[in-house]
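For reference, the structure is listed below as structure tokens.
The values are calculated or read from the model by the stated rules, or taken from the named source; none is laboratory data. What you see is a predicted model, and the numbers here were worked out from it, not measured in a lab. Heads up, the Cβs are rebuilt from the backbone with ideal geometry, glycines too, and the neighbour counts pull from every protein chain shown.
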Amino acid sequence: MSIQTPPNKYEQSPSPSERPAPRTSHPPQPPSKPNIFLRNQFRTKLQLPTTTTNHVAIITGGNSGLGLEAASQLLSHQLSHLILVQLNMASYASIQAFVRRVETELTCLDLVLLNAGLINTEFRTVPETGHEEVIQRPLLPSLDMPDQFDINEQYRAPKLLAHMVLRKLGDCVRAEDVVINLADPGFVKGTALARAGVCG
């Protein structure tokens, strides 16, 4: 998925060793405690943009839960164009086809919220790949073994992998060009995270 940039912007990109270390917006937090939870949930004031006029946003998983609320919030700030995407996240072909459409049909892209997710209470594989449905990659062999399936591990592992990917992206993407955020919000009211006969 590409974002419109000035010509020749990356012709002389610095090597990974020359790039500055990834910047994080918050210092490391101590282990979760009740006061931290209460502060984050009820006392933190978000700094929302006053307007998003002339901006284009894409949201996956925007039909319920966090995606639906994010869509509502963006539209309340006069977002010009909102694209709610319905993808088959278990199909590489479906995802790649949508990326090609974005590259060919959009002249600019300001925000992408990759919110679509799934959790299963039983082991399932995708026939096209043979891999466990949620993670879909042979990164952790145990996750592809039915006899080692554990719902708690399946829920935690993708979150850990997402953080690892984010740190690696810091070596490839300059903060001056693209801002990448990762949130682990957990369950919220109205979510469809566990659907199709699984919990929720």
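A Cβ distance below 7 Å, combined with a sequence gap of six or more or placement on separate chains, defines the contacts here; from region 154-182, residues that are of a type in the set (Gly, Ala, Ser) reach residues that are in a loop (DSSP other than H, G, I, E, B) in the pairs Ala157/Ile135; Ala157/Leu140; Ala162/Leu182; Gly170/Pro22; Ala175/Arg23.
Residues that are at pLDDT 85 or above and among the β-branched types (Val, Ile, Thr) within region 169-200 comprise Val173, Val178, Val179, Ile180, listed in sequence order. Scan region 96-106 and give yes if some residue there is without any contact (Cβ under 8 Å) to a residue 60 or more places away in the chain, of a type outside the set (A, V, I, L, M), not in a strand (DSSP E or B) and not assigned by TED's automatic domain parsing to the domain that holds Thr53, otherwise no. There is no residue in region 96-106 that is without any contact (Cβ under 8 Å) to a residue 60 or more places away in the chain, of a type outside the set (A, V, I, L, M), not in a strand (DSSP E or B) and not assigned by TED's automatic domain parsing to the domain that holds Thr53. Does Thr129 satisfy the condition of being in contact with a strand residue (DSSP E or B) (Cβ under 8 Å, 6 or more places away or on another chain) and not assigned by TED's automatic domain parsing to the domain that holds Asn88? Criteria not met by Thr129.
Of all residues in region 69-108, none satisfies the criterion of being modelled with pLDDT under 90 and of a type in the set (Lys, Arg).
Residues checked against (1) of a type outside the set (Gly, Ala, Ser); (2) touching a His at 6+ places or on another chain (Cβ under 9 Å); (3) in a loop (DSSP other than H, G, I, E, B):
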| site | (1), (2), (3) |
| --- | --- |
| Gly117 | no, no, yes |
| Phe123 | yes, no, yes |
| Ser142 | no, no, no |
| Pro158 | yes, no, no |
| Leu161 | yes, no, no |
| Met164 | yes, no, no |
